Amino acid sequence: MVCRGKGSGAEREPAVCSGGQEGQWHPGNSEEMAPPLQQSFMIPRKEINMVSDMGKWKRSQAYADYMGFILTLNEGVKGRKLTCEYNVSEPIEKLVALLNTLDRWIDETPPVDQPSRFGNKAFRTWYAKLDQEAENLVATVIPKHLADAAPEVAVYLKESVGNSTRIDYGTGHEAAFAAFLCCLCKIGVLRVDDQMAIVFKVFNRYLEVMRKLQKTYRMEPAGSQGVWGLDDFQFLPFIWGSSQLIDHPNLEPRHFVDEKVVNENHKDFMFLECILFITEMKTGPFAEHSNQLWNISAVPSWSKVNQGLIRMYKAECLEKFPVIQHFKFGSLLPIQPVTS
């Protein structure tokens, strides 16, 4: 399959995260994407305070837009390798530079000597820097006429790296990063022709930085379900990674538990990159430390794996109060019910 050539083309298709229940992310017309000068931005806040609030979330515009964004990217990377050529726009390059800054700060903030093995307190120093600089970092990515959006968008960036009190990280933090990217799409910074680069360049770089954080500061998994979870920390790369493998001529789901296959193909496929990271971090038989994934390896096709993971993501992450109680809602991802 031929992928698009690199370089930031001047003619870029606009994009919107559309409404509707799990609406797809689709090209908007030029009027739709005029700079939202009338848009009044706001600092996102917590709206899910008790289990009974979960219905509000599932009916919300935020849920529809978030899921639409995830599914559109899922479709966009279908059958594509990480190493294929794709369009790399200026905003994508700026996002990678932002993530490189976070990476550099880890090097500048080494772990401290402390009695407890997990949750190194140096993470709090690292996080304090992000807390202070987040708006400035976001301002480097968005154009001047959208400067008012920076405080709102920056909240999702700050939420995406883990909790500084508990020094933990989990799928709720990962969802905040996807929400951060979704917001950039909603204000027109990211466009339809950025789809592959969003996953392969930006999200992949985010994963690398998060793995480095997890290793350096020995972060606890947030609300880990132990061996019954898919992975202690991530979920989205398994969804998008399984989409990449749909209709692969040789690699079947049963192959991802084969060390040789993983070593030879992980640079091309996000799913296998995740498996490699798990085997580096955990010891013992794969079936014991990653039981859910072991079960998935018995599914006959990657398209069935992909569909099953999307259902599982909704049920185990997006519909679980302990995960979603921390999600923040603003003008870009509103708690208001979907307006069809």
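Which lysines does Lys121 reach when only Cα atoms under 17 Å apart count, and residues fewer than 8 places away in its own chain are ignored?
Counting by Cα, and skipping residues close in sequence, Lys121 has these lysines nearby: Lys129, Lys212, Lys215.
222 nm [θ] for the chain, helices only, -39500 (n - 2.57) per DSSP H run of 4+, per residue, to 500?
Details: 14 runs with 152 residues, N = 340.
The per-residue figure over the chain is -13500 deg cm²/dmol.
Can you put Glu288, Glu90 in order of accessible area, largest first, using a 1.4 Å probe? Let's see the in-between values first.
Values: Glu288 125, Glu90 105 Å².
Correct descending sequence by accessible area is Glu288, Glu90.
What shape does the range 199-340 have by the C-alpha gyration tensor, where a ≥ b ≥ c are the square roots of the eigenvalues, rounded means a/c under 1.5, and otherwise prolate means a/b greater than b/c and oblate the rest? Let's see the in-between values first.
Numbers: a/c = 1.67, a/b = 1.37, b/c = 1.22.
Judged from the Cα gyration tensor, the range 199-340 comes out prolate (a/c at least 1.5, a/b above b/c).
Tell me, what is the 1.4 Å probe accessible area of Arg311, in Å² to the nearest 10?
150 Å²
Using a probe radius of 1.4 Å on heavy atoms only, what accessible surface per residue do you get for the range 75-114? Whole Å² is fine.
Values: 1940 Å² over 40 residues.
That works out to 48 Å² per residue.
Hey, what's the Cα Rg ratio for the chain versus the globular rule of thumb, 2.2 N^0.38 Å?
On the way: Rg = 19.3 Å, N = 340, 2.2 N^0.38 = 20.2 Å.
Output field value: 0.96.
Using a Cα-Cα cut-off of under 17 Å, which lysines could be cross-linked to Lys314, ignoring same-chain neighbours fewer than 8 residues away?
Within the straight-line cut-off, Lys314 pairs with Lys56, Lys58, Lys304.
Can you give the FRET efficiency for Gln336 and Lys260, using 1/(1 + (r/R0)^6), R0 = 41 Å, r = Cβ-Cβ distance, to the nearest 0.05? List each step's numbers first, then the result.
Working: r = 51 Å, r/R0 = 1.24.
Computed FRET efficiency for Gln336 and Lys260 comes out at 0.20.
Given the whole protein assembly as supplied and a 1.4 Å probe, what does the accessible area of Lys320 come to in Å², nearest 10?
Ignoring ligands and nucleic acids, Lys320 comes out at about 70 Å².
Compute the separation of the alpha-carbon centres of the range 140-161 and the range 34-98 and state it in Å as a whole number.
13 Å
When only Cα pairs under 8 Å and 6 or more residues apart are kept, what is the percent relative contact order across the range 113-253?
On the way: 118 pairs, mean separation 39.1, N = 141.
Averaging sequence separation for qualifying contacts and normalising by length gives 28 percent for the range 113-253.
For the chain, give the percent of accessible area contributed by carbon and sulfur heavy atoms, probe 1.4 Å, rounded to a whole number. Before the final figure, lay out each step's value.
Numbers: 7590 of 15140 Å².
Answer for the chain is 50 percent, counting heavy atoms of protein chains only.
Once amide H atoms are placed 1.01 Å from N in the peptide plane, what residues at a sequence separation of 5 or more from Phe329, or on another chain, have their amide H within under 5 Å of its amide H?
Amide H to amide H, under 5 Å and 5 or more residues apart or across chains, Phe329 pairs with Arg45, Lys46, Glu47.
Can you tell which of Val155, Val51, Val141 shows the greatest fluctuation in a Gaussian network model of the chain with Cα springs below 10 Å?
Answer for the Gaussian network model of the chain: Val51.
Work out the length of the dipole vector of the chain about its Cα centre, built from +1 on the beta-carbon of each Lys and Arg and -1 on the beta-carbon of each Asp and Glu, and round it to the nearest 20 debye. All intermediate terms of the calculation are to be shown ahead of the outcome.
Working: 37 positive and 41 negative charges, 83 e Å.
The calculation lands at about 400 debye.
Between rounded, prolate and oblate, where does the range 227-269 land on the alpha carbon gyration tensor, with a ≥ b ≥ c its root eigenvalues, rounded for a/c under 1.5, else prolate if a/b exceeds b/c? Present the calculation step by step, with values, prior to reporting the outcome.
Values: a/c = 1.88, a/b = 1.42, b/c = 1.32.
Because a/c hits 1.5 or more and a/b exceeds b/c, the range 227-269 counts as prolate.
With the cut-off at 1.5 for a/c, could you classify the range 155-224 from its C-alpha gyration tensor as rounded, prolate or oblate?
Numbers: a/c = 2.99, a/b = 1.86, b/c = 1.60.
It comes out prolate by the Cα gyration axes.
The values are calculated or read from the model by the stated rules, or taken from the named source; none is laboratory data. Worth saying up front: this structure is predicted, and the values here are computed from it rather than measured. All Cβ positions, glycine included, derive from the backbone under ideal geometry; neighbour counts span all protein chains shown. Calculation scope for accessible area: heavy atoms of the full protein, side chains included, ligands and nucleic acids excluded. Shrake-Rupley method; radii C 1.70, N 1.55, O 1.52, S 1.80 Å.
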